[in-house]
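Asker: Next up is a structure, given as structure tokens.
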Amino acid sequence: MDVDIGIRKDLQPQYTGEEIAVFLILNYLQNDKNENLFISVESIGYFLTGRFIDSQTDKNLIKGIKRGFEGLKKEEDVTILEQNRNNYIINSMSCRVDTKKYNFIIIQLWEIQKIFSSLGAYGFNVLRFFVNIIGTINGNSKSWHMTQDDMVLSWGFSKNTVNEYLCKLEELKLLYTFRSKARKADETFHRVGNVYGRYKDKDLVRQEGIQYLSTVPNHPIKPFHFNRTSVKLKYNNFLHGSKKYKSLEEVEKLYKECIRYNESFKDFPNDNIDYLDLSVFKEYGFDIPIYENKKSNKNKIIDDDWGEPNSMETQDNNFSIEEILNMPIESDLVSEDKSVDIDSFPVNPVKTITIKKKKQNREIPLEVKIQQYADDLYEQHGYGTEYEKSIFIVELAEKFPGLEDYEKYYNSAKKLHDLSV
């Protein structure tokens, strides 16, 4: 049913998904002829789903509708005159939107019903996200470009949740996304933002996406057809003494593939790259190209001769903060020689305290570390293509052995990659 339903833009951000759902149906049912609106939880459920709801199978949906009524009553945005269990008498005027006084968002009844008939109670959160994104759309172009990071900051969803809801709305053909498949031609080399719009307006969204892309200096993302993952697996097998590489011919073949692997990152827009160490082929008489591995050099400490210890309190050495923080600490010096007397080395108290504070206050949870590594792994090896699950799991297990469920990290990384390509 193609019926427009409105909600005020200034109220919508503070509403929960349950409150938004209930208000939209109340707005749909109210009319100028009746001063009061007689409504029940069951009738709200009917209009949300397009069917009669069941007290057992739809109990979570019913609970959500009740929370919606309670929230609207607490906010005093809807006037509930009387209530008897699941039945309500509501002032119709409080369910209306003054379109001359307020900015408003238009949602259609069939869109609401498609969400709830497909997702049940899960639809409350998806509806809230949908209303948020529809509220950003330009009325003329029928679209808007907004980064997922901005969605996270503006609407309070996590990055994974944003990806999940975008996928779900695209599956339901309620939302259409034009993906630029390009990176900005600046020092950030960030991806050019996607352009969103209603699925029914996809032709206009695509036109707007092409127009927006033309206004941003960019480089197209070219898919790599070289299978990096296969090469890395072969390389790891070689390092672990695979019998296959007893033959010099096989070693030479792998050596050439490893060079192609490293060369394939030549124009890669990310510094965070692990080049394969080709020095392992030196004993076979092959020339060894040198690649600047920025990732491994980021935290590299250059050995210096510190000489005699100086008191930083009595001598003005004019050290900058960066120089102080780069001075070695006890653990750096002792790690190379376990027999060394700790007391014989100068100690940098500023560095020691700073490191301890970082460990206390900025420690990244293991789950986050694993997912970040998984995202980087998929981005690096699945760049422009899909990364085979079994190979991904082998790679991740090598870095983080003993986890119970590697597949969830794959699914999350793939979803993030697919939405950004």
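The values are calculated or read from the model by the stated rules, or taken from the named source; none is laboratory data. Source: prediction; values computed, not measured. Keep in mind that these areas ignore ligands, DNA and RNA; they rest on the heavy atoms of the full protein, side chains included. Shrake-Rupley method; radii C 1.70, N 1.55, O 1.52, S 1.80 Å.
Asker: With every protein chain in place, what's the accessible area of residue 191 (1.4 Å probe, Å², nearest 10)?
Answerer: Ignoring ligands and nucleic acids, residue 191 comes out at about 50 Å².
Asker: When the solvent-accessible surface of protein heavy atoms is calculated with a 1.4 angstrom probe, in what order do 147, 229 fall, highest first?
Answerer: The ordering from most to least exposed comes out as 147, 229.
Asker: On to the next question. Contour minus end-to-end for residue 411 and residue 398, with contour as 0.36 nm per residue of separation and end-to-end as the Cα-Cα distance?
Answerer: Net length gain for the segment: 2.9 nm.
Asker: Let me ask something else. ³J(HN,Hα) across the range 191-208 via Karplus (A = 6.51, B = -1.76, C = 1.60, θ = phi - 60°), whole Hz, x for Gly/Pro?
Answerer: Per residue, the Karplus-derived 3J(HN,Hα) values read 5, 6, x, 6, 10, 10, x, 5, 4, 5, 9, 4, 5, 5, 5, 5, 4, 5 Hz.
Asker: Taking amide H positions as placed 1.01 Å from N in the peptide plane, with prolines and chain starts having none, which residues 5 or more places from residue 104, or on another chain, fall under 5 Å of its amide H?
Answerer: For residue 104, the qualifying residues are 9.
Asker: Here is a follow-up. Quantify how much of the Cα-Cα distance distribution of the range 24-78 extends past 18 Å, in percent.
Answerer: Taking all Cα-Cα pairs of the range 24-78, the fraction more than 18 Å apart is 36 percent.
Asker: Which of rounded, prolate, oblate describes the range 32-160, given a ≥ b ≥ c as roots of the alpha-carbon gyration tensor eigenvalues and a/c under 1.5 marking rounded, otherwise prolate only if a/b is larger than b/c?
Answerer: Here the range 32-160 falls in the oblate category.
Asker: Using modelled amide H (1.01 Å from N, peptide plane; none on Pro or chain starts), what sits under 5 Å from the amide H of residue 86, excluding residues fewer than 5 places away?
Answerer: Correct list: empty.
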